[in-house]
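Please read the structure below before turning to the comments.
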Amino acid sequence: MMDISTELLGQNLDNPLMNASGVHCRSYKELEELMSSAAGSLVTKSATIERRMGNPEPRYSATPLGSINSMGLPNEGYEYYLEYAKKHDYKKKPLFVSLAGLSLEDNLKMVLAFKETGLPCILEVNFSCPNVPGKPQLGYDIEAMERALHKIAEAYGKPFGVKLPPYFDIAHFDQVAEVLNGVELVEFVTCINSIGNALVVDTESESVVIKPKNGFGGIGGDYVLPTALANVNAFYRRCPKKKVIGCGGVKSGNEVFQHILCGASIVQIGTALYEEGPELFERVTKEFQEIMQRKGYNSLKDFRGKVKTM
Ligand code: SIN
């Protein structure tokens, strides 16, 4: 009997798939559609203190190999997601809440507000949005990220997770892992956010394809799969007491299998969900189960983190 369930912070997910924050999760309607889908869990759009309209449109464009976006954190403000968290049916699926304060003070205010509710929602603190003009990604300032993680852990006092940008150098994997391992309450890391500040150009129009930041934006989809797998595996190897959530380049059961083989406990889907809608979870689950069946695996534990090296 095949079991594809997984677990995080004592909460069970029937299925390891969920949305990536930012995709199909801004409004209650979208969140409810994820609740009705085959996803094992769901995460809300990264929240700031105040409601934000985000960057000017067009701010997302599909490309042959994925997507580019510079959304700029359009969201309803953290109180909206806090109200949603109060209504959520935790018996049905765990709920992740993504927070992307524009300052440490904002993040502290939001984590305290969630702490006060005593709700079992799981916080994913986003240190990796590349799209807010004038706000660099905290994940690339390792000392500032370390200070922020300690302050957040102290204020929240409960386990939480952090969404990281992609790293591209072994020295950076080592440094970031040391920081993460120094904060016991960091229970999980989500790898990766989009590869930030890329530029997609259309030959015919001789133009960039999105409006904000002169066309610079985060890329996702096929472009990022190998980088995502490298980051998942790098942190899986270096942070044995933490769980890794894989995100990046997933569009079928095949990439889900690869993320788990590299060490992911849960797998998030962004660009493909944006393009296909929540029905995708049923298709991808079926494809993933077919791969497990073909290989004779009965549970995720049978192959998680067991990617072979030469
Ligand atoms: C955005 O809203 O710009 C995307 C969020 C993110 O990349 O974290």
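Condition test on residue 38, is it open to solvent by less than 10 Å² (accessible area, probe 1.4 Å) and among the hydrophobic types (A, V, I, L, M, F, W, C)?
no
I need every pair where a residue in the stretch 251-266 that is over 21 Å from residue 279 (Cα atoms) has its Cβ under 6 Å from the Cβ of a residue that is part of a loop (DSSP other than H, G, I, E, B) and open to solvent by 10 Å² or more (accessible area, probe 1.4 Å), sequence separation at least 6 or different chains.
Every condition considered, the pairs that remain are 260/304; 261/307; 262/307; 263/305.
This table checks each residue for (1) more than 21 Å from residue 129 (Cα to Cα); (2) more than 16 Å from the ligand (Cβ to nearest atom); (3) at pLDDT 95 or above.
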site	(1), (2), (3)
180	no, yes, yes
190	no, no, yes
193	no, no, yes
200	no, no, yes
211	no, no, yes
219	no, no, yes
232	no, yes, yes
239	yes, yes, yes
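May I ask you to list the residues in the stretch 99-132 that are in contact (Cβ under 8 Å) with a residue 60 or more places away in the chain and within 16 Å of the ligand (Cβ to nearest atom)?
Selection gives 110, 124, 126, 128, 129, 130, 131, 132.
Only one of 243, 286 is touching a residue at least 60 places away in the same chain (Cβ under 8 Å) and among the basic types (Lys, Arg). Can you tell me which?
243
Within the stretch 60-76, can you find the residues that are over 24 Å from residue 136 (Cβ atoms) and either buried (at least 16 other Cβ atoms within 10 Å of the Cβ) or touching a helix residue (DSSP H, G or I) at 6+ places or on another chain (Cβ under 7 Å) (or both)?
So in the stretch 60-76, the residues over 24 Å from residue 136 (Cβ atoms) come out as 62-65, 76.
Matches in the stretch 60-76: 62, 63, 65, 76.
Suppose we keep only residues that are more than 13 Å from the ligand (Cβ to nearest atom) and of a type in the set (Gly, Ala, Ser) within the stretch 60-74. Which one would you say is farthest from residue 222 (Cα to Cα)?
61
Report, by residue number, each residue of the stretch 261-279 that is touching a helix residue (DSSP H, G or I) at 6+ places or on another chain (Cβ under 6 Å) and either exposed (fewer than 15 other Cβ atoms within 10 Å of the Cβ) or within 15 Å of residue 41 (Cβ to Cβ) (or both).
The answer is 264, 267, 273, 278.
Out of curiosity, is residue 8 touching a strand residue (DSSP E or B) at 6+ places or on another chain (Cβ under 7 Å) and closer than 30 Å to residue 298 by Cβ? So that I can check it myself, show each step before the final result.
On the way: touching a strand residue (DSSP E or B) at 6+ places or on another chain (Cβ under 7 Å): yes; closer than 30 Å to residue 298 by Cβ: yes.
Yes: the conditions hold for residue 8.
Hey, can you tell me all the residues within the stretch 35-54 that are within 12 Å of the ligand (Cβ to nearest atom) and free of Cβ contacts under 8 Å to residues at least 40 places away in the same chain?
52, 53, 54
Of the residues 57, 79, 32, which single one is within 16 Å of the ligand (Cβ to nearest atom) and open to solvent by 60 Å² or more (accessible area, probe 1.4 Å)? Give the steps one after another, and end with the answer.
Working: 79 fails: within 16 Å of the ligand (Cβ to nearest atom); 32 fails: within 16 Å of the ligand (Cβ to nearest atom).
Going through 57, 79, 32 in turn, the sole match is 57.
Any idea which of 179, 125, 132, 162 is open to solvent by less than 20 Å² (accessible area, probe 1.4 Å) and in a loop (DSSP other than H, G, I, E, B)?
When all the criteria are applied, what remains is 132.
Would the stretch 149-159 turn up any residue that is within 16 Å of the ligand (Cβ to nearest atom) and open to solvent by less than 50 Å² (accessible area, probe 1.4 Å)?
Initially, the stretch 149-159 is screened for residues within 16 Å of the ligand (Cβ to nearest atom), giving none.
No.
More than 16 Å from the ligand (Cβ to nearest atom), over 24 Å from residue 266 (Cβ atoms), open to solvent by less than 50 Å² (accessible area, probe 1.4 Å) and not in a strand (DSSP E or B), is that true of residue 144?
Yes; evaluated as a whole, the condition is true for this residue.
Going through the stretch 246-256 one residue at a time, which ones are out of contact with any Phe, Trp or Tyr (no Cβ under 6 Å at 6 or more places or on another chain) and buried (at least 22 other Cβ atoms within 10 Å of the Cβ)?
246, 247, 248, 249, 250, 251, 255
The values are calculated or read from the model by the stated rules, or taken from the named source; none is laboratory data. Everything numeric in this text was worked out from a predicted model, so none of it was measured. Quick reminder, even Gly has a Cβ in these numbers, built from the backbone with ideal geometry, and neighbours come from all protein chains shown. Remember, those area values only see protein heavy atoms, side chains included, never the ligands or the DNA or RNA. Shrake-Rupley method; radii C 1.70, N 1.55, O 1.52, S 1.80 Å.
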